[in-house]
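The values are calculated or read from the model by the stated rules, or taken from the named source; none is laboratory data. All of these numbers come straight from a predicted model, not from anything done at the bench. When we count neighbours, we look across all protein chains shown, and the Cβ atoms used for this are built from the backbone with ideal geometry, even at glycine. These area figures cover heavy atoms from the full protein model, side chains too; ligands, DNA and RNA do not enter into them. Shrake-Rupley method; radii C 1.70, N 1.55, O 1.52, S 1.80 Å.
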Amino acid sequence: MIAPIHKEHPVFQSEEYRRDLVSFSVMEAKRQEGAPLAGDGMDLAVAFSTPEYPTWLWTAEGLDGDKQRDLCEYCFRSVRERGLQDRESVLFVCKPALTATLTERFRREGYTASCISMISFHCPNPKPPQWMPEIRTPGLEALPEIAELRRRFALECFGAGREGDYVERAQQILKAGILRAVFLDGQIAAIANLARELENYVSIGGVYTLPEYRRRGLAQALVYSISMEIRSQGRIPCLYTDQSNPSSNRAYQAVGFQELGRIDELTFRTPSP
């Protein structure tokens, strides 16, 4: 039976969950932050988020069909119990093995589904690129430029449905000093930021290059620079990529990133009245 669990539940110390730690680094960060959690023994765990962001579903390999269906039913009920049924969409992240069952459960109620398949990588030994552009940590004077770049990043990655105050978030990142930028031709051409921090890993996120500056190796150089910064702290850089974007995946692999797992982000759009 799926029920609320504490963040110190044994499932989070199991060998199988720890093996998936990079793929489920967002879930692990939410756990450490005290987000609401649920589980069923050692087979699965659920980490809830704010309505704008996905609920994360971790499952052990080979989870049987009955438990998959129970989990999907629990997810559907949670949408109603959390008052999300009137939202334009609800989001979940899970392993690909659960995607079909979860999608079928929501489609039975009239929801439409879309999926972004992601690959998780880590990089114990970064490899330098062929050239390094100028990379700096911008200050608050760059707020309008950074906010616009992050808006374009979200639009390209998630479409118009992903909500957010880009100016406020850009301001937070700039104040925290965790954003790095490539400067070319007197402007910011590419950005990326340090993201979630775990005991042994630090995530890199928000990697975006303006279209007119692509195919110059800017993202590769930027990710390498941040990776070396993380390695200097004795931790390992990790990141997610969109499986449908092989060019970016090759760029990260050229820097030394190695695939660790795959996850799907599912968007279920609510039925029309």
Kindly indicate whether ALA35 is within 25 Å of ARG269 (Cα to Cα), surrounded by fewer than 19 Cβ atoms within 10 Å (Cβ to Cβ) and of a type in the set (Gly, Ala, Ser). yes
Taking the stretch 241-264 on its own, how many of its residues are among the hydrophobic types (A, V, I, L, M, F, W, C), within 15 Å of the chain's Cα centre (by Cα) and within 11 Å of PHE121 (Cα to Cα)? 1
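Just give me the residues in the stretch 114-129 being among the small types (Gly, Ala, Ser) and either surrounded by fewer than 16 Cβ atoms within 10 Å (Cβ to Cβ) or assigned to a loop (DSSP other than H, G, I, E, B) (or both), in sequence order.
Initial filter on the stretch 114-129 (among the small types (Gly, Ala, Ser)): 114, 117, 120.
SER114, SER117 - these are the residues of the stretch 114-129 that are among the small types (Gly, Ala, Ser) and either surrounded by fewer than 16 Cβ atoms within 10 Å (Cβ to Cβ) or assigned to a loop (DSSP other than H, G, I, E, B) (or both).
Out of all the residues in the stretch 205-221, is one or more among the aromatic types (Phe, Trp, Tyr) and open to solvent by 40 Å² or more (accessible area, probe 1.4 Å)? Give the derivation first.
If we filter the stretch 205-221 for residues that are among the aromatic types (Phe, Trp, Tyr), which is where we start, we get 208, 213.
With open to solvent by 40 Å² or more (accessible area, probe 1.4 Å) added as a condition, the list becomes none.
The answer is no, given that none of the residues of the stretch 205-221 is among the aromatic types (Phe, Trp, Tyr) and open to solvent by 40 Å² or more (accessible area, probe 1.4 Å).
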Quick check: is even one residue across the stretch 42-51 closer than 30 Å to TYR201 by Cα, within 19 Å of the chain's Cα centre (by Cα) and loosely packed, with under 12 Cβ neighbours inside 10 Å? yes
Within the stretch 172-193, can you find the residues that are open to solvent by less than 10 Å² (accessible area, probe 1.4 Å) and assigned to a helix (DSSP H, G or I)? ILE173
Which residues, counting only those in the stretch 134-172, are within 17 Å of the chain's Cα centre (by Cα) and modelled with pLDDT of 95 or more? none
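What number of residues in the stretch 204-253 are on the phi > 0 side of the Ramachandran plot and assigned to a loop (DSSP other than H, G, I, E, B)? Spell out the reasoning first.
From the stretch 204-253, those on the phi > 0 side of the Ramachandran plot are 206, 215, 217, 234; that's our starting set.
If we keep only those that are assigned to a loop (DSSP other than H, G, I, E, B) as well, we get 215, 217, 234.
Final tally of qualifying residues: 3.
Residue-wise test of (1) within 24 Å of PHE12 (Cα to Cα); (2) open to solvent by less than 20 Å² (accessible area, probe 1.4 Å); (3) among the polar types (S, T, N, Q); (4) in contact (Cβ under 8 Å) with a residue 60 or more places away in the chain.
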residue: THR59; (1), (2), (3), (4): yes, yes, yes, no
residue: ASP64; (1), (2), (3), (4): yes, no, no, no
residue: GLN68; (1), (2), (3), (4): yes, no, yes, no
residue: GLU73; (1), (2), (3), (4): yes, no, no, no
residue: GLU88; (1), (2), (3), (4): no, no, no, yes
residue: ALA97; (1), (2), (3), (4): yes, no, no, no
residue: THR103; (1), (2), (3), (4): no, yes, yes, yes
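For every residue, the table says whether it meets (1) polar (S, T, N, Q); (2) within 16 Å of TRP131 (Cβ to Cβ).
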| site | (1), (2) |
| --- | --- |
| LEU184 | no, yes |
| ASN200 | yes, no |
| VAL207 | no, no |
| ILE226 | no, no |
| GLU229 | no, no |
